[in-house]
1. Give the residue, chosen from Gly177, Gly148, Gly201, that is farther than 26 Å from Gly81 by Cβ, within 12 Å of the ligand (Cβ to nearest atom) and assigned to a helix (DSSP H, G or I).
2. Residue under question is Leu70, and the condition is that it be in contact with a strand residue (DSSP E or B) (Cβ under 8 Å, 6 or more places away or on another chain), buried (at least 18 other Cβ atoms within 10 Å of the Cβ) and at pLDDT 85 or above; does it hold?
3. Among (1) more than 30 Å from Leu315 (Cβ to Cβ); (2) at pLDDT 85 or above; (3) aliphatic (A, V, I, L, M), where does Ala174 come up short?
4. Suppose we filter Asp65, Asp89, Asp11 for residues that are farther than 28 Å from Trp185 by Cβ, more than 13 Å from the ligand (Cβ to nearest atom), at pLDDT 80 or above and of a type in the set (Asp, Glu); which single one remains?
5. Return the pairs, sorted by first residue and then second, in which the second residue is surrounded by fewer than 16 Cβ atoms within 10 Å (Cβ to Cβ), the first residue lies in the stretch 97-126 and is charged (D, E, K, R), the beta carbons are less than 6 Å apart, and the residues are 6+ apart or on different chains.
6. Return yes or no: is Gln5 at pLDDT below 75, assigned to a helix (DSSP H, G or I) and either more than 13 Å from the ligand (Cβ to nearest atom) or in the same structural domain as Leu269 (by TED's automatic domain parsing) (or both)?
7. So for the stretch 118-135 (the condition being more than 12 Å from the ligand (Cβ to nearest atom), under 23 Å from Phe200 (Cα atoms), in contact with a helix residue (DSSP H, G or I) (Cβ under 7 Å, 6 or more places away or on another chain) and aliphatic (A, V, I, L, M)), does at least one residue qualify?
Amino acid sequence: MAGPQSLALRDARTPVIVVSGFLGAGKTTLLRRVLAAPELANTLLIVNEIGEIGIDHHLLERSDDRTMLLDNGCVCCQLRGDLQEMLVDIGMRRRRGELPGFDRVVVETSGLADPGPVAQTLYGDAPLLRDYRLGHVVTLVDPTNAAGRAAAPGIAARQVAAADRVVFSKADRATPGEREAAQDWVRGINAFARCQEAAFGDIPVADLADATPFEWLATAPADGAYLGRRLVPHPAGVGSFALRFDLPLPRALLREFLELLVRLRGADLLRVKGIVRYEDAPGQAFVVQGVGHQFDREVPLAAGAALPEGSSLVLIGRRLVRDEIQALWQAMRAVALAAPAAP
Ligand SMILES: Nc1nc2c(ncn2[C@@H]2O[C@H](COP(=O)(O)OP(=O)(O)OP(=O)(O)O)[C@@H](O)[C@H]2O)c(=O)[nH]1
């Protein structure tokens, strides 16, 4: 008898794999790693970012015609129709030979997106069903960031509920207690997902390439029912904005600013990421990012990457007011400029 796996293999439609996970859980890190593998070379990637400027697609270091950006909104609500349109358009262009072929699509959702409605669009839209089927819904859970999940419990839980695979990220850093707590939390929400741990996204590539979600559900009549039907509103007060800087920044001042921001608003600051240029490193751009209180070391970006001018920092958090934070920066900048230069 043909098993579910062989049923899926007879389905020639392109699988769409949804990669979800809370802010900073490690989605981009995992995708950078697995999409570099030759087995996944033929993958079209759609990156959704909630901030008004996209950062992640610059980090993915892929050619532009294989990476598309859906920014300035969340794909589970405002941009759901945009994703539908994008997928239908890409399907048509591929048929007309205007786009190189691709074997799968990966959608990296924003850290505040509920992947359920995203995945459901693939079941409910006839033009989409012609070209695509749902592959895995992979949700990353960062065991070291229970506080972040607690700040937006509805969304974090929905991300796990919709998953057929859960990857516990940051295995290199998480303590045994954090890992156990994260596992208990996931199991309490979704007992069916296949779970694995990863450090810097080191999952076997085949886990993403083989795109038959919930093998046993693939043959069930209520295909996709596990995704649930209810749309969860985004947590109250969580929003995002970008700070932009035209001139190169003083490195030490930016560090002090971010440290002060964490001291003043640490509990509400869920995610910071940006691409910055420093006065002391002409021509070089750096990625700056933090999750909760934890800031990563800065990473210089490859020269020649198509990057925006100046510097931009995206801040995502609860009840953060752009003007107040902008004013804090300006005040610190003014004090630094007025201070006598060190002898
Ligand atoms: N130590 C450690 N750090 C990690 C790991 N995975 C990701 N990080 C770091 O965690 C931070 C966030 O990682 P990203 O991959 O950007 O997370 P993301 O889920 O794409 O973030 P958003 O798109 O903002 O939601 C970065 O500083 C990464 O370097 C890991 O396995 N171990």
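The values are calculated or read from the model by the stated rules, or taken from the named source; none is laboratory data. Note that the coordinates shown come from a computational prediction; the quantities given were computed from them, not determined experimentally. Because the Cβ atoms are built from the backbone with ideal geometry, glycine has one as well, and the counts that use them run over all protein chains shown.
1. The unique qualifying residue is Gly148.
2. The answer is no for Leu70.
3. The failed condition is (1).
4. Of Asp65, Asp89, Asp11, the one residue that is farther than 28 Å from Trp185 by Cβ, more than 13 Å from the ligand (Cβ to nearest atom), at pLDDT 80 or above and of a type in the set (Asp, Glu) is Asp89.
5. Asp103/Asn42
6. In short, yes.
7. no
Quick grid of which residues meet (1) more than 27 Å from Ala150 (Cα to Cα); (2) touching a residue at least 12 places away in the same chain (Cβ under 8 Å):
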| site | (1), (2) |
| --- | --- |
| Phe257 | no, yes |
| Gly266 | no, yes |
| Leu270 | no, yes |
| Gln284 | yes, yes |
| Val291 | no, yes |
| Leu301 | yes, yes |
| Ser311 | yes, yes |
| Val321 | no, no |
